[in-house]
Each structure stands twice: as structure tokens, then as C-alpha cells.
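The values are calculated or read from the model by the stated rules, or taken from the named source; none is laboratory data. What you see is a predicted model, and the numbers here were worked out from it, not measured in a lab. Every residue, glycine as well, gets a Cβ built from its backbone with ideal geometry; the counts of neighbours run over all protein chains shown. The area values use the complete protein model at the heavy-atom level, side chains included, leaving out ligands, DNA and RNA. Shrake-Rupley method; radii C 1.70, N 1.55, O 1.52, S 1.80 Å.
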Amino acid sequence: MTSTPGASQRWLPRAGRPRRPAQLDRATAEEIGGGIDPQTLGAIAHMTADVVVRRGRASADPDVLERLITLVDREGIDAVAGLWADSPSNTLPGALWRMYQLRDWVRSSPRTFALHYRMGMDTAPVEHAVAGASEPPAPDDVVALADQVLAGVFAGELDVALDRAAAFCRVVATGATHDADSLDASGSAPDSHERRGTGLGNPAQAVRRIVSSARTLARTAEDLQEAAALWRTRRLD
């Protein structure tokens, strides 16, 4: 992603080993954003991302996997952003940030993600197959899928996890584009039952936000796919 949305944004969507994995010190994360030179900050980002991924992939303990998946839930998206959000998309910390950010987006707006996934999956059948969502996905399904995809970073092939996340983003971006076109053309919000709880019921307010979201997700998909290709050639670090 060429620019990273602020960690506080929601439907958006306006990418030695320690004994305990990925326990980020909140105070340290805040300090990082306030005065450490960029070279040191980059080194910290690479080191922590490497530790998180290696620790997860080296352990068969399901509790370790659960703690890694829920890292943002425990530490907060801002703390994680303080370490990785400024990393380029073609680096391990940049890719890892996008994976955690995508999960955070989904958990923040599961109804909207489910709606747009359903609207996009028939138009993007290959991406739908790669993403591996249930058919048709409900809000709980897209939340579970986001966890499953992130788990693949630690318990599967990392490039496959990145490709699945990219495919998921493309399906949702496709659906969001269809939704924006439909709302713009009709001037009203169809499928009001499906829209209940999405916050997207007012077409005048929704179209611009949905278009921005689709673009962000499309860029994120490109970033994640590039990271997957780099991982396969051992150039993602």
C-alpha cells in the first residue's frame, strides 16, 4: 500500500527468540514514534517482525498461535502500528502490518465486509476460490476467515497466507465497487436488510467512502501479492 491509513480509521478501509511471542511493550512502541532515527526504527521493525514470524513458525503450541493472532487485540492497533506501519510494503514488517491491519478492518466492520464479499465473489471467482471463504459468507464467517488467513503466516506457508489475504481484498474491493456503482446509479440504498448494521444505508454519504475503501483494498491486495512473490524467492526481509 503506497500510504497507510491511520490506525484509528474504520470501515475504512478508508499488508534469540523470546519465551513469550510478540509481547510488545506499549511504552516502547510510543517512544519509537517520537524520536528514534529512521534507520534505527527500520531495524527495530525488521527485528520484531522476524521474531514474531519465526517464533510462530517454530512452535506447535496452539496457545502461542492464538496469542499471535490476537496480538492487536491485546496490544492495540496503535502499538503495533508504531512498530510496523511505516515499513515499506515489500518488507516483512510491512507485509505483517498489512495482515494485522486487514484483520482489524474486518473485525471492525464484519457486516460491511460480508456484504461486499458476497457482491464481489461471482465477479472474481478465481480470487474467491483462493481466499477460501464460505459461500455465501456471513459476518461471522469473514471474521473467522481473517483469523484463519493470519494464522497461515505462522502455521502454514507464509506466501499462501499472503496470497489468500490479497485474494480476499480483491473480492471485497470488487464488491465495494459494484455497490458504489449501484448506489450512485439508483440514488437509493437497495437490500436494506443486508445493509442493516453496516452504516452504509445513506447512499449520498456512502458512495465516496465505499470508493475510497475499494481503492485502499485494491492497493493492499497488490502489496500482499508482491510480498508473497518476494517470500517465494527469499527476498522478503
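Listed values, structure above:
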quantity: Matching entry among Val211, Val207, Val153, Val143 (being β-branched (Val, Ile, Thr), under 19 Å from Ser109 (Cβ atoms) and modelled with pLDDT of 95 or more); calculated: Val143
quantity: Positions within the range 39-66 being farther than 15 Å from Leu96 by Cα and not aliphatic (A, V, I, L, M), in sequence order; calculated: Gln39, Thr40, Ser59, Asp61, Pro62, Asp63, Glu66
quantity: Residue count, the range 158-169 (criterion: closer than 11 Å to Thr220 by Cα and surrounded by fewer than 24 Cβ atoms within 10 Å (Cβ to Cβ)); calculated: 1
quantity: Tally, over the range 58-96, of residues that are part of a helix (DSSP H, G or I) and within 17 Å of Asp147 (Cβ to Cβ); calculated: 16
quantity: Candidates Ala146, Ala129 - the one that is open to solvent by 20 Å² or more (accessible area, probe 1.4 Å) and either more than 17 Å from Ile210 (Cβ to Cβ) or within 11 Å of the chain's Cα centre (by Cα) (or both); calculated: Ala129
quantity: Lone qualifier among Ser108, Ser182, Ser134 - being in contact with a Lys or Arg (Cβ under 8 Å, 6 or more places away or on another chain) and open to solvent by 40 Å² or more (accessible area, probe 1.4 Å); calculated: Ser108
